[in-house]
């Protein structure tokens with residue numbers, strides 16, 4: 001299944017943000033999946049990512065560098081105080097961007 005609706009991805013990101021706020025890191029794959037969904041639909045991929053400092057230097061220029069975060073790096077990330085809240089805020093920010101973009105697209109299509 002391909003998810004291309006900006007509103008659907010925003011909903012997924014908001015749900016993941018809520019999970020992070022309530023429970024912290026529970027399923028790293030789920031958090032990473034939600035983030036990748038958001039990045040696929042945004043032209044400025046990964047700009048402002050709170051995990052950037054953990055991504056190996058040699059892959060930072062890739063479209064989705066966080067795919068290279070291994071268990072050891074995730075282990076370091078989950079021990080950083082406040083990281084779930086930072087990632088949650090990032091997800092909410094990306095969700096808001098996607099929703100705003102969807103609103104603009106809807107408006108443009110309604111005026112055609």
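All of the numbers you see were taken from the coordinates with simple rules; none came from a lab. Computed from a predicted structure; not experimentally measured. In this analysis, Cβ positions are derived from the backbone assuming ideal geometry, glycine residues included, and neighbour counts consider all displayed protein chains.
Okay, here's what the table says:
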item: Cα gyration tensor shape for the chain, rounded if a/c is under 1.5, else prolate or oblate; result: prolate
item: Inter-label distance for residue 22 and residue 79, nm, one decimal - labels placed 7 Å from Cα along Cα-to-Cβ; result: 2.9
item: Ellipsoid semi-axes in whole angstrom, largest first, where each is sqrt(5λ) of the Cα gyration tensor of the stretch 65-112; result: 35, 13, 4
item: Computed [θ] at 222 nm, helices only, for the chain once each DSSP H run of length n ≥ 4 contributes -39500 (n - 2.57); result: -20000 deg cm²/dmol
item: Cβ crowding within 10 Å averaged over residues, with 46-53, 68-75, 96-103 ranked highest first; result: 96-103, 46-53, 68-75
